[in-house]
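A.B. asks: Structure below; questions to follow.
None of the figures in this text is laboratory data; all of them are computed from the coordinates on show. From a predicted model like this one, the values you see are computed outputs, not experimental measurements. Positions of Cβ are backbone-derived with ideal geometry, glycine not excepted, and every protein chain shown enters the neighbour counts.
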Amino acid sequence: MDFSALWSADVYAWCILPVLIFLARILDVSLGTIRIIFISRDLKYFAPFIGFFEVLIWLLVIRQIMLSEGNNVICLIAYAAGFASGTFVGMYLENVLSFGRVLIRIITRKEAGDLVEYLKESGYGLTCVNATGATGPVKLVFSVVERHDIPNIVSIIKRFNPNAFYTIEDVRFVSENVLPFRIKESRMLISALFQRRTAK
């Protein structure tokens, strides 16, 4: 088999180049999504750094398309497919990274004492307010937590009050907050370390 045929002009233009454009487009769109997330989280030093590589990759891709004289339909399709796939990959990475803080607002119609106490014991800082809703008195519970703690908070809410209404919003600036810390786990860890040192 003559492997040099794989690198012929036609094979490169209609097979290899579209794949490269597709992969490069996924990369630069994913970087663009992450850059926007960094801007919304006020990570002003990371966003320009990522933006540099995002635009550099985009320019290289556009250059290759222009060199193909714009008559390579496969390259154009690869460009569009890479953009769509990059958007999906960027959203997936945003969920995986799961950084930043969010505001969780819980509205419950029944007494929320058990829910509030459990959240406090779990190390979450809370603000509780009595309010009046359309059907009568309600309890408002506010908490600023790390984004990766959302599944844990939601599971706690559903356990103590499945019918509670809650909203989750991104928080850009936080002046002072009480972030989650596992009190029991921290005490157990400190105790274990102390016992090891004593044993030595």
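A.B. asks: Could you tell me the calculated FRET efficiency between E121 and H148, based on Cβ-Cβ distance and R0 = 22 angstrom, to the nearest 0.05?
C.D. replies: For R0 = 22 Å, the calculated efficiency reads 0.65.
A.B. asks: For L119, L93, what's the fewest-to-most ordering of other Cβ within 10 Å of each Cβ?
C.D. replies: L93, L119
A.B. asks: Among S30, T135, F99, which residue has its Cα furthest toward the positive end of the charge dipole of segment 11-162, with +1 on Lys/Arg Cβ and -1 on Asp/Glu Cβ?
C.D. replies: Of the options given, the answer is T135.
A.B. asks: Determine, for E111, E94, the number of other Cβ atoms within 10 Å of each Cβ, and report the residues in order from fewest to most.
C.D. replies: The fewest-first ordering by Cβ neighbours comes to E111, E94.
A.B. asks: When you have a sec, figure out the Kirkwood radius of segment 101-185 from all distinct Cα pair distances and drop it here in Å to one decimal?
C.D. replies: One decimal place: 13.2 Å for the Kirkwood radius.
A.B. asks: Right, next: For labels at I168 and I77 in the simple 7 Å Cα→Cβ model, what's the distance in nm?
C.D. replies: The answer from the label model is 3.8 nm.
A.B. asks: In segment 92-139, which chymotrypsin sites (Phe, Trp or Tyr not before Pro) are in a loop and have at most 13 other Cβ atoms within 10 Å, using DSSP for the loop call?
C.D. replies: F99
A.B. asks: Just to verify a number: FRET efficiency for V96 and Y12, C-beta to C-beta distance, R0 = 30 Å, to 0.05?
C.D. replies: That pair, V96 with Y12, gives E of 0.30.
A.B. asks: Whole Å is fine, so just give me how far the alpha carbon centre of segment 136-151 lies from that of segment 22-51.
C.D. replies: 29
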